Each structure stands twice: as C-alpha cells, then as structure tokens.
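Notes for the one structure printed next.
The values are calculated or read from the model by the stated rules, or taken from the named source; none is laboratory data. These numbers were taken from a predicted model, which means no experiment stands behind them. Neighbour counts run over all protein chains shown; Cβ positions are idealised from the backbone, glycine included.
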Ligand code: FAD
C-alpha cells in the first residue's frame with residue numbers, strides 16, 4: 001500500500017475525522033500534515049484565531065502521538081508545501097475535508113491541479129466540517145439551495161446522519177521533517193481569550209451533554225445565565241466533529257432538540273455559502289435600506305460607547321473574550337444595521353477581527369440575516385436594545401459585568417443610566433433614539 005497525506009484544515013481532531021480515516025485506509029503510512037499559511041495567519045486571521053490555532057495544533061499533535069503518530073508542520077503557501085511533502089514521501093494521494101468558502105474551494109482546485117502533475121490524487125471528503133453535507137440536502141423545488149431555514153430544518157431532520165467513526169487504529173508516519181509547532185503567544189488579542197484544542201474540547205462537550213444542555217431550550221437567550229455551550233470555537237476549528245456533537249446530545253429532550261436546531265443553522269449557512277460563495281461580501285438579497293456614512297457612530301459601536309448599555313456590554317465582551325453571546329450578537333448587529341443604518345460589512349469585518357469562532361458562512365450570513373439582506377423572512381424586524389435588555393438581562397447582571405462604570409446602578413436601572421442621572425463624562429448619552437421590538 002502507498003503512503004498517503006491527511007491534510008488538516010478546519011478539522012483539527014483525531015476523533016471522527018473522515019480525512020484521517022480515509023488516508024489511513026488507503027495508505028500503509030500516513031503523513032498527518034498541517035500547513036501554516038503565514039500569509040493568512042499574519043495578515044488575514046485575527047490575533048485571537050491565531051492563538052487558538054496554535055493551541056489546537058498542539059493538542060492535535062498530542063492526540064496523534066497517543067495513536068503512535070505525530071503532526072507534521074510546514075510553513076508557507078499550502079499548495080507548494082503539500083507538493084513538497086508529496087515529493088519527499090512519494091505519496092499517492094492527499095486527503096482533505098470539503099469546505100465551502102471561496103478561498104477553500106480555490107485552494108482545493110489549485111492543489112488538485114498541482115498534484116496531478118505528480119500523478120498524485122486529491123481526495124475531498126464531505127461530512128467533516130458540517131453534520132449534513134451541503135450536497136446531501138436539496139430542495140424539492142429544484143433550486144440549488146434552501147433559501148429559508150424552516151423547510152431546510154424539516155429536511156435536515158429527515159436525512160439520516162452518518163454515525164461517528166471509530167477511533168483510528170495506531171498510525172504509522174514515514175520519516176519526514178517537521179517545522180516546530182507555531183507559537184503566536186506574542187500576538188496581542190483578547191485578554192480573556194480561552195484557548196484549547198481537541199482534548200479541551202472533548203472535556204467541554206462531556207460537561208455540556210452531562211447536565212447544562214437540559215436547560216438550553218429555556219435559558220439559551222439569557223445574557224447572564226451562561227447557559228449556552230460555548231462550543232462554537234471548537235466547532236469552527238474542527239476540534240469537535242458536528243456529527244459527534246449531535247450524536248452525544250440527547251435530541252429527544254427539549255434541551256437537546258433546541259441545541260440540535262442551532263447546529264442545523266450552522267449547516268444551513270454553509271449550504272447557502274456553498275451555492276452562493278459571493279455572499280461573503282455581496283448582499284444575498286437587495287438591501288431594504290440605504291446605508292449611511294457615519295464614522296463617529298461606527299467608532300462608538302466598535303468601542304462600546306453607544307450609550308445603550310446592553311449594546312456596549314456586548315461589544316466589550318467581544319474585545320475582552322473574543323466571543324460574544326448569541327443573543328448579544330443579534331442585538332449588536334441589529335443596532336448597527338437597522339438603528340444606525342450602517343452597512344453590515346462594517347460589523348462583519350469587526351467581528352471577523354475579534355471573534356475566535358468567526359467563519360465566512362456563519363458570520364457573514366448571520367450578519368446578513370440581522371441586516372435584512374439575508375435569509376430572514378421578516379427582513380424589516382428591528383430589535384430595540386432597551387426591550388431586549390429588559391427581556392434577556394432583567395436584573396442587569398450582564399451589563400454590570402461588562403460596563404463597570406454603571407456597576408453601582410441596581411437591577412434593571414442599569415439599562416437606562418440617563419434616568420439615574422449618570423453624567424455623560426461617566427457614560428455617554430445614547431447616540432441615537434431607538435425603536436423596534
Ligand atoms: P450555542 O448557543 O451553544 O449553540 C450551539 C452551536 O450551534 C454553536 O456553537 C454554533 O456552532 C451553532 N450556532 C448557534 N447559533 C447559530 C447561528 N445563528 N448560526 C450558525 N450557527 C449557530 N457563529 C459562529 O460559529 N461563527 C460566527 O462567525 C458567527 N457570527 C455571528 C454573527 C452574528 C451577527 C450573529 C447574530 C451570530 C453569529 N454566530 C456565529 C452564531 C451564534 O451567535 C454563535 O454560533 C453562538 O453564539 C456561539 O456560542 P455557543 O457555542 O455558546 O452557541
């Protein structure tokens with residue numbers, strides 16, 4: 001049997017990894033390879049994601065070592081680096097997870113073409129990055145994708161998901177040089193960022209499914225309850241497989257079902273992006289409003305100084321943790337696009353810079369949903385930050401945690417500091433009047 005290469009991308013795990021399993025099935029020896037594309041990491045990825053990546057690679061290496069393997073690291077352009085490894089070990093095939101972004105598709109095309117010149121085949125495997133592969137679900141209408149979530153979800157529930165794969169047998173890695181694991185500790189990011197890889201992720205998943213998931217249906221929207229899984233970062237980097245996460249959640253319970261529905265949103269956005277790769281930057285639907293130009297408002301929103309405590313708390317949580325609660329993301333995005341009427345791309349860009357879980361499918365399409373240019377069937381709905389705060393942070397705990405200059409205000413009074421006479425030099429007056437639900 002020949003040597004094969006398992007090229008890791010957004011699937012940084014040993015468990016339930018179709019790429020690693022296929023590479024092992026086809027080869028007597030496998031090179032588990034990750035290429036640190038310095039161009040992307042240094043210029044395009046955020047500091048938070050670079051730091052998370054380094055931790056995830058270290059844990060992937062540790063996981064591979066437990067199966068008698070190791071991670072081979074190379075730096076540079078992905079196509080050049082893989083081509084060199086294939087040449088060095090005489091590999092017959094390279095295995096990679098199928099992905100939907102414009103960048104990842106271009107990368108796969110370029111790789112396929114280059115490897116063909118060496119007589120080496122690129123094998124692309126679905127079912128790795130999403131639970132349902134975009135190609136598995138198509139609407140009865142003959143369209144190339146589902147444009148509305150509810151019918152997608154109905155279909156998603158009908159399609160049987162594959163079972164998680166067994167843990168791989170001991171690996172045999174041929175002699176091949178590796179660069180050291182990358183270290184991005186020097187890059188500055190969010191001070192409270194928590195990093196980890198597959199080992200950390202599996203513990204977090206175990207904790208989540210063994211208790212807190214049962215309250216998910218009732219508490220997920222609470223801004224202060226900390227009742228969501230916080231698994232998005234691990235799913236983004238593939239430290240957890242969505243298939244395994246779903247298999248471990250009891251989807252027959254109310255909490256498990258509500259949680260599975262959110263994972264279906266993740267798949268839904270990936271299938272939209274697979275069919276419309278340009279919606280990473282272009283409107284999916286024509287914008288119902290003209291965008292304003294207001295650099296001061298953009299700055300107030302980015303820095304958490306809009307005068308609406310719940311919006312400001314959300315924006316400060318983002319910078320501090322590199323993560324923001326899902327309901328808070330909706331409030332902050334609606335405020336930017338529908339109250340301030342600023343282009344969703346400004347917000348999406350800022351989130352891409354700070355969010356550790358940011359990816360094109362989920363970030364850009366959630367932004368478009370919030371802005372009314374995406375898949376929301378009620379594109380004109382506006383979230384009123386005051387009503388949202390009363391509903392989802394009724395005691396004001398979330399705001400007091402992130403806006404310390406208002407920490408002296410009791411209960412829900414913290415949501416309307418102007419009524420308590422807080423002077424503008426302590427906390428700004430609202431930059432705009434708000435409306436909506
Ligand atoms: P949980 O509530 O525990 O949900 C479980 C999992 O379901 C999440 O980990 C995530 O993988 C998935 N999920 C939940 N809600 C959504 C959703 N609306 N769309 C897609 N997947 C979802 N999620 C990202 O993973 N990456 C992003 O870049 C991203 N950007 C967003 C931008 C905006 C403007 C909005 C409104 C939402 C965005 N989301 C994004 C979706 C969602 O807010 C996060 O996935 C969630 O808050 C992550 O926290 P959690 O893991 O505790 O989620």
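Some observations on this one:
- Scanning the range 232-270 for residues that are over 18 Å from residue 16 (Cα atoms), more than 8 Å from the ligand (Cβ to nearest atom) and surrounded by fewer than 19 Cβ atoms within 10 Å (Cβ to Cβ) yields 250, 251, 252, 253, 254, 257, 258, 261.
Per-residue answers, yes or no, for (1) touching a strand residue (DSSP E or B) at 6+ places or on another chain (Cβ under 8 Å); (2) closer than 24 Å to residue 260 by Cα:
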{"residue": "124", "(1), (2)": "yes, no"}
{"residue": "128", "(1), (2)": "yes, yes"}
{"residue": "141", "(1), (2)": "no, no"}
{"residue": "144", "(1), (2)": "no, yes"}
{"residue": "150", "(1), (2)": "no, yes"}
{"residue": "155", "(1), (2)": "no, yes"}
{"residue": "161", "(1), (2)": "no, yes"}
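- The listed residues are 172, 210, and the only one of them that is out of contact with any helix residue (DSSP H, G or I) (no Cβ under 8 Å at 6 or more places or on another chain), within 16 Å of the ligand (Cβ to nearest atom) and at pLDDT 95 or above turns out to be 210.
Let's see how each residue does on (1) without any contact (Cβ under 8 Å) to a residue 24 or more places away in the chain; (2) more than 16 Å from residue 241 (Cβ to Cβ); (3) part of a loop (DSSP other than H, G, I, E, B):
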site: 13; (1), (2), (3): no, no, yes
site: 41; (1), (2), (3): no, yes, no
site: 63; (1), (2), (3): no, no, no
site: 91; (1), (2), (3): no, yes, yes
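- Test: residue in the range 354-365 that is more than 10 Å from the ligand (Cβ to nearest atom), at pLDDT 95 or above and surrounded by fewer than 23 Cβ atoms within 10 Å (Cβ to Cβ): no
- Residue match in the range 274-294 (condition: within 12 Å of the ligand (Cβ to nearest atom), touching a residue at least 40 places away in the same chain (Cβ under 8 Å) and outside any helix (DSSP H, G or I)): no
- Test for residue 36: is it surrounded by 24 or more Cβ atoms within 10 Å (Cβ to Cβ) and either farther than 17 Å from residue 97 by Cα or in contact with a helix residue (DSSP H, G or I) (Cβ under 9 Å, 6 or more places away or on another chain) (or both): no
- Exclusive hit being within 16 Å of the chain's Cα centre (by Cα) and crowded, with 24+ Cβ neighbours inside 10 Å, set 368, 388: 368
- Here the condition is being in a helix (DSSP H, G or I) and farther than 30 Å from residue 266 by Cα; of 433, 425, 395, 405, it holds for 405 alone.
- Qualifying residue in the range 331-348 (condition: closer than 24 Å to residue 149 by Cα, within 12 Å of the ligand (Cβ to nearest atom) and at pLDDT below 95): no
- All positions within the range 334-350 that are surrounded by fewer than 24 Cβ atoms within 10 Å (Cβ to Cβ) and either closer than 26 Å to residue 226 by Cβ or touching a strand residue (DSSP E or B) at 6+ places or on another chain (Cβ under 8 Å) (or both): 350
- Residue check, residue 399 surrounded by 21 or more Cβ atoms within 10 Å (Cβ to Cβ) and closer than 30 Å to residue 9 by Cβ: no
- Condition broken by residue 24, with the remaining ones in (1) touching a helix residue (DSSP H, G or I) at 6+ places or on another chain (Cβ under 8 Å); (2) over 19 Å from residue 197 (Cβ atoms); (3) in contact (Cβ under 8 Å) with a residue 40 or more places away in the chain satisfied: (1)
- Any chance residue 401 is modelled with pLDDT of 95 or more, away from the ligand (no atom under 12 Å from the Cβ) and within 21 Å of residue 193 (Cβ to Cβ): yes
- Residue pairs whose Cβ atoms lie under 8 Å apart, sitting 6 or more positions apart in sequence or on different chains, and linking a residue in the range 175-187 that is within 16 Å of residue 50 (Cβ to Cβ) to a partner that is assigned to a loop (DSSP other than H, G, I, E, B), are 181/71.
- So residue 190, is it buried (at least 19 other Cβ atoms within 10 Å of the Cβ) and either within 16 Å of the ligand (Cβ to nearest atom) or modelled with pLDDT of 95 or more (or both): yes
- Condition met for residue 105 (assigned to a helix (DSSP H, G or I), in contact (Cβ under 8 Å) with a residue 60 or more places away in the chain and surrounded by fewer than 18 Cβ atoms within 10 Å (Cβ to Cβ)): yes
- All positions within the range 65-89 that are touching a residue at least 40 places away in the same chain (Cβ under 8 Å), surrounded by fewer than 19 Cβ atoms within 10 Å (Cβ to Cβ) and in a helix (DSSP H, G or I): 66, 88
- Residue check for residue 318: touching a helix residue (DSSP H, G or I) at 6+ places or on another chain (Cβ under 9 Å) and either assigned to a helix (DSSP H, G or I) or touching a residue at least 60 places away in the same chain (Cβ under 8 Å) (or both): yes
- Of all residue pairs spaced 6 or more apart or on separate chains, none has beta-carbon atoms under 6 Å together with a first member in the range 351-368 that is on the phi > 0 side of the Ramachandran plot and a second member that is near the ligand (Cβ under 8 Å from one of its atoms) and not in a helix (DSSP H, G or I).
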